[in-house]
Each structure stands twice: as C-alpha cells, then as structure tokens.
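Take a look at the structure below.
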Amino acid sequence: MKRKLGQSFRPWRNHDLRRTMSTHMRDFLGVERDVVELILNHTPAGLVGTYQLPEHREKRKAAMIAWGAYVERLAEGMTPGIHVQKVD
C-alpha cells in the first residue's frame, strides 16, 4: 500500500478502524453514544457498569446495519451524505 500511495500513506492500526466507526456512527449516522459504546464492548464505569447491564440489542443491530450500508456506499465511490439515516 505504501508503494501505491507514496508519501500520503500513513501507518494505521486496527484500533484506528474502531475509532473511525465510533466517530462516523455518532456524527453521520446519529447512533446514540451508549449504543456505540456497547458495540465497541465498552462497559459503563462505576456502579452503573456493575448494576445496570443494558443490551439494546435492536438498537445495536440497527446501528450495524446502517454502518454496513454506509461503508458499502463509500466502497462504491458514492458520497453517503451527512446523517444518512438516524438510528433509533
């Protein structure tokens, strides 16, 4: 990849993909912060993390479907637009 992109190539790690997904889900897809945190397998801190174990299965599913559609549009060279779909 570095040969193809030359000086514009910047090294990246898998964590960069997680950060990108998190940012784009919040900023472009309107996914709730708590849902994004659950998708990333982050546990709420303190007593909330101990006593309240939210799952939000349907919201996580909807967010991942919206993310997949968003990535597909990017891969096809289309501009997904801002706020492609508000995930409820």
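The values are calculated or read from the model by the stated rules, or taken from the named source; none is laboratory data. Since the model is a prediction, treat every value here as computed from it, not as a measurement. In this analysis, Cβ positions are derived from the backbone assuming ideal geometry, glycine residues included, and neighbour counts consider all displayed protein chains.
Taking each residue of region 53-66 that is at pLDDT 90 or above and looking for partners that are among the acidic types (Asp, Glu) and surrounded by 12 or more Cβ atoms within 10 Å (Cβ to Cβ) with beta-carbon atoms closer than 8 Å, six or more apart or interchain, yields Lys59/Glu32. Take the residues in region 67-87 that are exposed (fewer than 11 other Cβ atoms within 10 Å of the Cβ) and either touching a strand residue (DSSP E or B) at 6+ places or on another chain (Cβ under 7 Å) or not aliphatic (A, V, I, L, M) (or both); name whichever of them is modelled with the lowest pLDDT. Among those that are exposed (fewer than 11 other Cβ atoms within 10 Å of the Cβ) and either touching a strand residue (DSSP E or B) at 6+ places or on another chain (Cβ under 7 Å) or not aliphatic (A, V, I, L, M) (or both), it is His83.
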